[in-house]
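A.B. asks: This structure is in structure tokens; I'll ask about it shortly.
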Amino acid sequence: MSKVEEFEDLRPLLFSIAYRVLGSVSEAEDAVQETWLRFDRSSTRPTSTKAFLSTTVTRISIDVLRLARVRREEYVGPWFPEPLLSDPYQDPARAVELADSVSMAALLLLERLSPLERAVFVLREVFAFGFDDVAAVVGRSEAACRQLLVRARRHMEAKETGSGGSATGGGADTSASGGGSGGSGGVTSACTTKNTQIQFIQSAHHASEQQAATGAIRVTNTSKATCTIVGAVTLTAKDDQGKADPVETDNSESGTDAVDIEPGATAQAWVAYTDLNFDGSPSGREVCAVQASKVEIALPKDMARTVRVTKDGGAPGSFDVCGNDVRVDAFEAAS
């Protein structure tokens with residue numbers, strides 16, 4: 001069977017997964033099309049085409065949903081899912097679950113789940129994926145997926161009984177278990193100066209000619225609702241004495257996939273840089289053009305914040321940069 005035939009055979013399933021995660025026909029169609037492009041570009045054939053395509057379309061849908069929710073937060077008035085007139089995927093053994101999950105009531109309830117909760121709920125409850133398969137698709141452990149499902153069920157049940165507020169309300173719901181999606185099923189908001197604290201940690205070791213020094217940007221959610229980093233985060237370092245041009249960079253080349261930060265949790269991006277002058281004399285190697293006790297960090301679509309440079313233990317530090325080769329990695333949830 002050719003790639004095209006394999007894909008077309010699975011297209012109804014892929015669309016049905018994407019639609020239930022996104023609640024939009026057009027966005028689901030786009031997610032399926034992007035899945036095909038990635039499958040077509042792949043130079044190797046996966047062991048299981050169904051597993052590969054299901055994973056790809058789900059992860060694309062999660063990222064699209066995170067971005068969409070940030071946009072919807074700026075929309076005035078309630079946002080409603082797009083009704084599906086005819087479901088292309090049919091499975092007699094799951095007919096009831098499939099039908100129920102595309103009703104307007106069910107889609108409105110799903111809107112109150114975080115993107116990860118929604119994906120886990122859809123894969124497990126609607127399509128009966130095993131927890132091992134769900135874990136592989138969303139990139140979490142089986143234990144974490146079980147917990148996400150428990151949380152999703154709790155939020156769904158709370159909304160059905162009316163204890164969680166209106167499903168069609170325009171703002172974030174904060175009544176289920178402490179507020180916000182991720183932690184409580186509310187709408188995900190963007191991470192900004194209003195709901196986060198930022199730290200810049202200098203490298204614990206000097207660079208070598210083979211290995212860069214490695215600092216870190218840490219973003220902690222100080223609110224009661226899950227927030228999302230979507231897009232490039234910029235870093236600017238100015239020499240304290242003003243003797244050198246500022247160093248400016250962002251993480252656009254490393255990856256800007258959306259990252260959810262739950263209340264009280266932290267996301268981190270590694271910062272690779274050179275803090276020694278290998279062209280200078282041994283005694284002058286630690287003298288860099290830029291020596292900054294403070295840096296400016298701007299989250300996507302947010303104002304820049306001045307952040308003190310510290311060591312990992314909290315003591316004052318310095319971001320010393322020799323040259324302009326500074327790389328900010330993609331953000332990931334900190335363990």
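We did not get these values from a lab; they are worked out from the coordinates using the rules stated. Everything numeric here is computed off the predicted structure, so don't read it as measured data. Quick reminder, even Gly has a Cβ in these numbers, built from the backbone with ideal geometry, and neighbours come from all protein chains shown.
A.B. asks: If r is the Cβ-Cβ distance from E8 to H206 and R0 is 51 Å, what FRET efficiency results, to the nearest 0.05?
C.D. replies: Numbers: r = 56 Å, r/R0 = 1.09.
Efficiency for this residue pair is about 0.35.
A.B. asks: If you don't mind, there's one more thing I want to ask. On a full-extension model of 0.36 nm per residue, what is the gain between A143 and A333, subtracting their alpha-carbon distance, rounded to one decimal in nm?
C.D. replies: On the way: separation 190, 0.36 × 190 = 68.40 nm, distance 1.67 nm.
Working it through step by step, the gained length comes to 66.7 nm.
A.B. asks: How many nm separate the modelled label positions at V150 and R45, each set 7 Å beyond the Cα in the direction of the Cβ?
C.D. replies: 4.2
A.B. asks: Run the quick spin-label model on D30 and A304: label points 7 Å from Cα toward the beta carbon, then report their separation in nm to one decimal.
C.D. replies: Label-label distance for D30 and A304, simple model: 3.1 nm.
A.B. asks: On to the next question. Bin width 10 Å, origin at 0, all Cα-Cα pairs of the stretch 196-333: what percent of pairs per bin?
C.D. replies: Percent of pairs per bin, in order: 13, 43, 32, 10, 2, 0.
A.B. asks: Measure up K194/K224; K238/K301; K3/K50; K194/K301 against 19 Å on the Cα-Cα distance and list the ones that go over.
C.D. replies: Distance filter (> 19 Å) returns K238/K301.
A.B. asks: How much FRET efficiency would the formula 1/(1 + (r/R0)^6) give for D257 and A315, where r is the Cβ-Cβ distance and R0 is 25 Å, rounded to 0.05?
C.D. replies: Rounded to the nearest 0.05, the efficiency is 0.15.
A.B. asks: Using the basic label-point model (7 angstrom from Cα toward the beta carbon), what is the K243 to A136 distance in nanometres?
C.D. replies: 5.8
A.B. asks: As a test, work out the antiparallel percent of DSSP beta bridges whose residues both lie in the stretch 196-333, rounded to the nearest 5. Let's see the in-between values first.
C.D. replies: Working: 38 of 40 bridges.
Of all bridge pairs located within the stretch 196-333, approximately 95 percent are antiparallel.
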